[in-house]
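Everything below concerns the one structure shown next.
The values are calculated or read from the model by the stated rules, or taken from the named source; none is laboratory data. What you see is a predicted model; the values in this text were computed from it and never measured. Methodologically, a virtual Cβ is constructed for each residue, glycine included, from the backbone with ideal geometry; neighbour enumeration extends over all protein chains shown. Protein only, heavy atoms only, side chains kept; ligands, DNA and RNA dropped before computing areas. Shrake-Rupley method; radii C 1.70, N 1.55, O 1.52, S 1.80 Å.
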Amino acid sequence: MEFNVFEHFKGIEKIPKDPTNNDQQGTSFFLTGHMGEQISSHLDDYAAKAGMSRRNFVKSACGFAAAMLAVNKITGTKFFDVEEAEAYDPAARKELSVARKAGTEFIVDQHTHICWRKDGYVPGVNTTEKGMWFVQLLDNLGKAMGLPNGIRDMTVENFGKLVLEKSDTSVAIFNPFGFREDYGGKDMVPIEEQVEVRNRWPDRTIMMGGGLTPNQGIGETLDRLQMFVEQYKISGLKLYTFDSTPKRGWWFDDEKLAYPIWEKCRKLGIKNIGCHKGIPFGQFMARYAHAEDFDAVADDFTDLNWIVFHSAWPYHNELAALKGFKPQRKNLYSELGSCFAATVTNRPLECAHLLGTLIRDLGADYVMWGTDSTLWASPQWQIEAFRRFQIPEELVKGYGYPPLTQEVKRKIFGENAARLWGIKVTAKTEPAAPPTVVAV
Ligand SMILES: [Zn+2]
């Protein structure tokens, strides 16, 4: 299957890149899509000004700054807070990068994955055709981001290298993949394999459980939940409401199928429950990607926190309405996995509307940072892009969006998730000191 979910990034797979070079990753992304060619010619100009070969320039921090600056110039809008000198003077770039980082060092990535499992995905043996669609999507995305073996490189080992070592992320929340109907009757990433991440980095990771499909039987679902909590000590749940049973999906507000799960979560002490919403990839029936079922559960279970992954993009306006018109609500959260990555480089105006809508309607205390790495290799280029991104003045005025201030960025980057998960905020100093995760 063709790599077509993020069609506007077509061409990125042709750009050779090193998955451990964060600047090159980010710059490569800017070079794709409808602005790619124009950005590329700006890069040539800045490379000449910096006295560097084009080849070396795209691997450098100046190259990444030049790409962001090019977007400002092409769109005539200051989406990125980047100074001209940063695009050709390495010393200026370094100095301003340090200045921009001040106060935003504590980063919790609400959305991270490993995608490979030990017995792999064999079509017709342990993986259905639909299951292969998703495997192929992840494989193509990984290869596009420079992982030479695609999904096979999205391992425990590389999680450590790309997310924990090569980025400013302090704590990563691990997200599971279930979909047992399509993967030979066991979770796509079985819990006994995903727990290796937490076992290796217990101070820097938090593990969510998943793979609950109530359409397979509520009794079995509740038993699995209990096993995840008692045997594997999961800290929360990340679920998917589409499935490959004949019913094809379910809703969080289904009193028969779903409410027994939430009641059991209460008993077991699980307070944070999330769901993939938006981005209706491959086998995902798009109707289940809408967040409308969070309306009733947020009211019926006010003692639980509800996290909408991907901020339901491109249906984020529907999500925003669940708080914008119900400001009394204090337990509805969103996170930015893949929706920020997919819009920031080539659809910056859409990115500004997305962030602006979420911050205005859900509130700055309820939007959380997430990158969906290792799907996008290291999260660092996204971190750098978010540090520099701003909501343009005309949108602040015209839509009433709150400006993306340092204070708001601090909340989104880490403070909100720290509050939700009971993580002690410890500023990352040089060299990086691992933060402490307090038991939740
Ligand atoms: Zn994800």
Exercise for the section: Mind jotting down the three principal axis lengths of the stretch 122-187 based on Cα atoms? Whole angstrom, largest first. Expected result: 39, 23, 15
Exercise for the section: Give the calculated FRET efficiency between A85 and R55 to the nearest 0.05, with a Förster radius of 22 Å applied to their Cβ-Cβ distance. Expected result: 0.50
Problem - Computed Kirkwood radius, in angstrom, where 1/r is averaged over Cα pairs of the stretch 290-368 - result: 12.4 Å
Exercise for the section: Based on the mean of other Cβ atoms within 10 Å per residue, sort peptides 151-160, 204-213 so the most packed one is first. Expected result: 204-213, 151-160
Exercise for the section: Taking only Cα atoms and a 10 Å spring cutoff, compute GNM fluctuations for the chain and point out the largest among Q382, Q390, Q231. Expected result: Q231
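Using the eigenvalues of the Cα gyration tensor, what equivalent ellipsoid semi-axes result for the stretch 381-424 when each is taken as the square root of five times the eigenvalue, whole Å, largest first?
24, 13, 6
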Problem - Helix-derived mean residue ellipticity, 222 nm - over the chain, DSSP H n ≥ 4, -39500 (n - 2.57), to 500 - result: -11500 deg cm²/dmol
Practice task
Compute the Cα gyration tensor for the chain, then decide on rounded, prolate or oblate, letting a ≥ b ≥ c be the square roots of its eigenvalues: rounded whenever a/c is under 1.5, prolate when a/b is larger than b/c in the other cases, and oblate in all that remain.
Solution key: prolate
Exercise for the section: Take the cross-link list K101/K424; K256/K326; K247/K409; K118/K264 and give me the ones stretching past 29 Å between alpha-carbons. Expected result: K247/K409; K118/K264
Practice task
Would you tell me the accessible area of K166, worked out with a 1.4 angstrom probe on the heavy atoms of the protein chains, in Å² to the nearest 10?
Solution key: 90 Å²
Exercise for the section: Calculate the dipole size of the chain relative to its Cα centre from +1 charges on Lys and Arg beta carbons and -1 charges on Asp and Glu beta carbons; express the result in debye to the nearest 20. Expected result: 480 debye
Completion exercise
Connecting every pair of Cα atoms under 10 Å apart in the chain and solving the GNM, the largest mean-square fluctuation among T302, T169, T27 falls on T302
Completion exercise
Here the net charge surrounding H276, from other residues whose Cβ is less than 14 Å away from its Cβ (Lys, Arg +1; Asp, Glu -1), is -1
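Considering only protein heavy atoms, what per residue accessible area in square angstrom results for the chain with a 1.4 angstrom probe?
Ligands and nucleic acids excluded, the figure is 37 Å² per residue.
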Handout entry: Three-way shape label, the stretch 242-359, alpha-carbon gyration tensor, a/c 1.5
Key = oblate
Exercise for the section: Classify the stretch 22-74 as rounded, prolate or oblate from the Cα gyration tensor: take a ≥ b ≥ c as the square roots of its eigenvalues, call it rounded if a/c is under 1.5, otherwise prolate when a/b beats b/c and oblate if not. Expected result: oblate
Exercise for the section: Pop a pseudo-label 7 angstrom from the Cα along the beta-carbon direction at both K94 and E193 and give the gap in nm to one decimal. Expected result: 4.2 nm
Exercise for the section: Would you mind telling me the share, in percent, of accessible area of the chain contributed by carbon and sulfur at probe 1.4 angstrom? Expected result: 52 percent
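Report the extension gain between R266 and R152 in nm, rounded to one decimal, defined as 0.36 nm multiplied by the number of residues separating them, less their alpha carbon distance. All intermediate terms of the calculation are to be shown ahead of the outcome.
On the way: separation 114, 0.36 × 114 = 41.04 nm, distance 3.69 nm.
So the chain would gain 37.4 nm between R266 and R152.
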Fill in the blank from the handout: Connecting every pair of Cα atoms under 10 Å apart in the chain and solving the GNM, the largest mean-square fluctuation among R224, R55, R117 falls on R55
Handout entry: the stretch 76-194: Cα Rg divided by the 2.2 N^0.38 Å rule of thumb
Key = 1.41
Handout entry: Peptides ranked, highest mean first, by Cβ atoms within 10 Å: ranges 89-101, 350-362, 188-200, 37-49
Key = 350-362, 188-200, 37-49, 89-101
